[in-house]
Amino acid sequence: MEVVIVEDAAAGGETVAQSIAQLLRAKPDALLGVATGSTPGPVYRALTAKARAGEVDVSAARIAQLDEYVGLPAGHPESYRSVVLREVVAPLGLAEDAFMGPDGSAEDVRAACLAYDRALAEAGGVDLQLLGIGTDGHIGFNEPCSSLASRTRIKTLTEQTRVDNARFFDGDITQVPRHVITQGIGTILEARHLVLLATGENKADAVALAVEGPVASVVPASALQLHPHATVVVDEAAASKLKLADYFRATYAAKPDWQGL
Ligand code: F6R
């Protein structure tokens with residue numbers, strides 16, 4: 001996989017937004033898989049700025065959600081559907097029907113998972129999937145020891161992830177749902193381009209294991225090593241435990257500008 005080391009979170013956002021813009025120029029109705037959480041915010045803001053400046057036409061873009069909490073009431077501000085509508089769909093000026101996501105409040109969650117996997121395939125598959133990484137190495141909500149072949153399904157969050165995400169629920173871990181729907185690792189690997197963005201020192205261990213460790217389900221993000229077009233964009237802090245950091249810097253510096261990620 002390609003590892004791109006940037007100075008900080010803002011530079012990471014700009015780098016990934018440029019790549020998305022390049023994709024949309026080539027394929028205006030691309031299906032963009034989006035992650036939630038703190039990390040991708042700079043990407044969505046940079047892409048919105050490019051759209052508003054007329055650098056890229058996003059009007060035909062389609063947006064697919066990666067994962068969702070189970071059991072939050074419909075319209076809850078921290079449901080990932082609400083977050084994606086607020087942070088991606090609305091700022092880009094897209095209509096709600098440009099957006100697809102799993103139904104976390106469905107009565108039959110299992111059927112909702114199967115339906116979402118099918119809907120992704122029927123939509124032609126994800127062109128570019130943006131991913132964050134959990135401090136425990138998860139991608140989407142595929143927690144450690146998730147099958148590397150898994151499909152969209154219900155998962156139980158680890159205590160670590162619930163602690164990490166309590167900040168979105170007024171710091172109250174009891175408010176963080178225990179269950180989620182997540183695209184499986186096998187589902188994620190079907191996207192044409194995977195872009196994992198990680199910023200901050202608290203991601204350095206997980207990034208080093210995912211990039212330089214063996215492929216192992218105990219580090220779900222290591223599955224990116226199996227993908228023919230996977231890019232890991234990290235800021236200096238998140239790159240601080242990479243043994244091959246200098247090699248990655250030299251490789252990226254030698255790449256022609258037009259090539260993108
Ligand atoms: C959420 C998701 C998660 C997050 C991860 C990191 O849609 O896919 O894998 O990307 O938990 O979250 P932040 O960015 O908040 O550190």
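The values are calculated or read from the model by the stated rules, or taken from the named source; none is laboratory data. Predicted model, so just to flag it, every value in this text is computed and none were measured. Neighbour counts are summed over all protein chains in view; Cβ atoms, including those assigned to glycine, are modelled from backbone coordinates with ideal geometry. For the accessible areas, the whole protein counts, side chains as well, though only heavy atoms, and no ligand, DNA or RNA atoms are used. Shrake-Rupley method; radii C 1.70, N 1.55, O 1.52, S 1.80 Å.
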**Request:** Residue by residue through region 205-246, note down the ones that are within 23 Å of Glu14 (Cβ to Cβ), in a helix (DSSP H, G or I) and over 17 Å from the mean Cα position of the chain (by Cα).
**Result:** Ala245, Asp246
**Request:** Just give me the residues in region 206-228 being in contact with a Lys or Arg (Cβ under 8 Å, 6 or more places away or on another chain) and surrounded by fewer than 17 Cβ atoms within 10 Å (Cβ to Cβ), in sequence order.
**Result:** Glu212
**Asked** In the set Asp117, Asp127, which member is away from the ligand (no atom under 15 Å from the Cβ) and closer than 22 Å to Thr39 by Cβ?
**Response** Asp127
**Prompt:** Within region 147-159, which residues are under 14 Å from His179 (Cα atoms) and either open to solvent by less than 60 Å² (accessible area, probe 1.4 Å) or at pLDDT below 95 (or both)?
**Reply:** Thr152, Arg153, Lys155, Leu157, Thr158
**Message:** Please pick out the residue among Gly200, Gly171, Gly137 that is away from the ligand (no atom under 11 Å from the Cβ) and more than 20 Å from Leu31 (Cα to Cα).
**Reply:** Gly171
**Item:** Residue ID - farthest from the ligand (Cβ to nearest atom), chosen from residues in region 34-56 that are part of a loop (DSSP other than H, G, I, E, B) and β-branched (Val, Ile, Thr)
**Value:** Val56
**Request:** May I ask you to list pairs of residues, at least six apart or on different chains, whose Cβ atoms are under 6 Å apart, with the first in region 249-261 being over 18 Å from Leu128 (Cβ atoms) and the second being β-branched (Val, Ile, Thr) and open to solvent by less than 80 Å² (accessible area, probe 1.4 Å)?
**Result:** Arg249/Ile5; Tyr252/Val4
**Item:** Residue list for region 192-205, filter: open to solvent by less than 30 Å² (accessible area, probe 1.4 Å) and of a type outside the set (Val, Ile, Thr)
**Value:** His193, Leu194, Leu196, Leu197, Ala198, Gly200, Lys203, Ala204
